[in-house]
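What follows is a single structure, written as structure tokens, with notes after it.
Rule-based calculations on the coordinates, nothing more; no lab input. Computed from a predicted structure; not experimentally measured. Here Cβ is always computed from backbone atoms with ideal geometry, including for glycine, and neighbour counts include all displayed protein chains.
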Amino acid sequence: MGKEKLHINIVVIGHVDSGKSTTTGHLIYKCGGIDKRTIEKFEKEAAEMGKGSFKYAWVLDKLKAERERGITIDISLWKFETSKYYVTIIDVLNTPNLPNCYMYWL
């Protein structure tokens, strides 16, 4: 019987406009969690809205308001599998009560 894959859980936190969603979306893409064609679609749509650099953030920022304003409004969860791991990534929004909210979510 083969070795079972390990589970990796990642929570991305940081200051507002620090690039949490962009970094997380890029990581998901580089790990094979989303295909190139989808990223190219996001790139085209983002460029049409004057937000070309947001293509990776759009992996997680799904709401129309998030894309228009360029900020994360709601928590995003993404799951994918690599050859060795099951990966779950949670991208959380920035809030003034950062520590209290994160402890509640976790």
- Note down the relative contact order for the chain as a percent, whole number, built from C-alpha pairs under 8 angstrom at least six residues apart. 35
- Residues with beta-carbon under 9 Å from that of D61, excluding D61: net charge, scoring Lys, Arg +1 and Asp, Glu -1? -1
- Item | Reachable lysines, given that their alpha-carbon falls under 22 Å from the alpha-carbon of K79 and they are not under 8 places away in the same chain | K3, K5, K20, K30, K36, K41, K55, K62, K64
- Neighbour-count ranking [beta-carbon atoms within 10 angstrom, fewest first] of F42, F80: F80, F42
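By counting other Cβ atoms within 10 Å of each Cβ, how are S83, S18 ranked from fewest to most?
In increasing order of surrounding Cβ atoms, one gets S83, S18.
Using the count of nearby Cβ atoms within 10 Å as a rough guide to exposure, how do D74, D61 rank from fewest to most?
Result, fewest neighbours first: D74, D61.
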- Task: Label the chain by shape, choosing from rounded, prolate and oblate, from the square roots a ≥ b ≥ c of the eigenvalues of the Cα gyration tensor; if a/c is under 1.5 it is rounded, and otherwise prolate applies when a/b is larger than b/c, oblate when it is not.
- Result: oblate
